[in-house]
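Worksheet for the structure shown next.
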């Protein structure tokens, strides 16, 4: 590692894919600035590369603006090399029923879009100058559910992820003028703390015959931010074990 490590800002860092992605970037010698609604457990933050974690509610405009302000202050004019928009929400009913088009409050749709779609847009704007200085990369975490009707993911979640896929393409063209690449990663069935036993029934649909690990996704996110992908922008990588082929 050189004296001036690269810096990544990552949202939704407290668990699952976000937490694994933080670990991967630190293994590669990157400095990490993160946010999540929850604090990070102390034993996870012993690595000095995880320099700052800021408790933030990205659905709250004031909280998001404060995170952008604090993170830019921490950067202090230094370049930002990657922004990973990982935070997302997929609400269920109290009976764990899939929230569809005909059930659930419209207000709930607005909250889902606020986190899954508008937060990545606002953060990309907020860190555009720092990313320009670093000739950096943005990775938006979308979903297989944004491309196919999913048996468990709700309609608000799925359409918000489809919108994020579209936003990725638009951002790729505009941010290219800043020397910044923008890509997306679309995970399939990934084994996390949030996963329910119901998802085991989906394994027969997956050609690789297993659920993915958070490390599988974290590795792709990291590589999209690396120099090996310096000529790749506007692309969405399916991390699904082939499930999207059916």
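The values are calculated or read from the model by the stated rules, or taken from the named source; none is laboratory data. Only a predicted model underlies this, so the values are computations on that prediction, with no experimental measurement involved. Every residue, glycine as well, gets a Cβ built from its backbone with ideal geometry; the counts of neighbours run over all protein chains shown.
Residues in the range 167-183 that are closer than 13 Å to residue 128 by Cα and not in a helix (DSSP H, G or I): 179, 180, 181, 182. Find the residue count for the range 208-237, including only residues that are within 19 Å of residue 10 (Cβ to Cβ), touching a helix residue (DSSP H, G or I) at 6+ places or on another chain (Cβ under 9 Å) and assigned to a loop (DSSP other than H, G, I, E, B). Count: 2. Among the residues of the range 184-198, those identified as outside any loop (DSSP other than H, G, I, E, B) and surrounded by fewer than 15 Cβ atoms within 10 Å (Cβ to Cβ) are 197, 198.
So, in the range 16-41, exactly how many residues are closer than 20 Å to residue 192 by Cα and without any contact (Cβ under 8 Å) to a residue 24 or more places away in the chain? Summing the residues that are closer than 20 Å to residue 192 by Cα and without any contact (Cβ under 8 Å) to a residue 24 or more places away in the chain in the range 16-41 gives 2. The residue pairs whose first member lies in the range 126-138 and is under 18 Å from residue 70 (Cβ atoms), whose second member is assigned to a helix (DSSP H, G or I), and whose beta carbons are closer than 6 Å, counting only pairs six or more residues apart or on different chains, are 126/68; 130/75.
Of the residues making up the range 133-148, those that are buried (at least 23 other Cβ atoms within 10 Å of the Cβ) and within 17 Å of residue 224 (Cβ to Cβ) number 8.
If you check 110, 122 for being in contact (Cβ under 8 Å) with a residue 40 or more places away in the chain, part of a helix (DSSP H, G or I) and either in contact with a helix residue (DSSP H, G or I) (Cβ under 8 Å, 6 or more places away or on another chain) or under 25 Å from residue 159 (Cα atoms) (or both), only one passes: 122.
Under the condition of being crowded, with 20+ Cβ neighbours inside 10 Å and at pLDDT 95 or above, which residue from the range 223-245 is farthest from residue 85 (Cα to Cα)? Here the answer is 241.
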